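Data block below; observations after.
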Amino acid sequence: MFFGSRVLDVTNFKHPGPQKLISDALNTDIQEDYTEQAHSGYADELLNQLTIGYLPEKVGHTRLTNEHFMNGLSKEEEEIHNWLDRNIDLKKPLLP
Ligand code: HEM
């Protein structure tokens, strides 16, 4: 199942709530239902553990704004970011 762009593997997941809510939601995006239910921080932690990947088409390739440095990046930082963008494709596994 999906949580926004996250892909969750719930094969062995035992839901503390009704299990049917999980089996009925296979292959769907549960973000809205999950959020409406007001799950705990513990549930969020479980969600992290169940995450096995991200849908590439939903992961935007934009840089986060730096609230402490509104004028953008220094030349040196820009070069480092460009180097990372050229050499690391986060849509692929980092290890073979
Ligand atoms: C893989 C995703 C999910 C995880 C990891 C998860 C985790 C949990 C956990 C840990 C609880 C116990 C209460 C708490 O700590 O908040 C809980 C309760 C509950 N969950 Fe989920 N949940 C998931 C998906 C869903 C979905 C899709 C629904 C659909 C609406 C749902 C509905 C509920 C309900 C109704 C309860 C309350 C049960 C009760 O109070 O007896 N959960 N969930």
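The values are calculated or read from the model by the stated rules, or taken from the named source; none is laboratory data. These numbers come from a predicted model, not from an experiment. So basically every Cβ, Gly included, is an ideal-geometry build from the backbone, and we count neighbours across all protein chains shown.
Odds and ends about this structure:
- Considering residues of region 4-25 that are surrounded by 10 or more Cβ atoms within 10 Å (Cβ to Cβ) and more than 9 Å from the ligand (Cβ to nearest atom) only, the residue farthest from the chain's Cα centre (by Cα): Gln19
- Region 50-68: number of residues that are modelled with pLDDT of 75 or more and farther than 14 Å from Pro16 by Cβ: 5
- Residue in region 26-43 that is surrounded by the most Cβ atoms within 10 Å (Cβ to Cβ), counting only those that are under 25 Å from Lys91 (Cβ atoms) and more than 8 Å from the ligand (Cβ to nearest atom): Asp29
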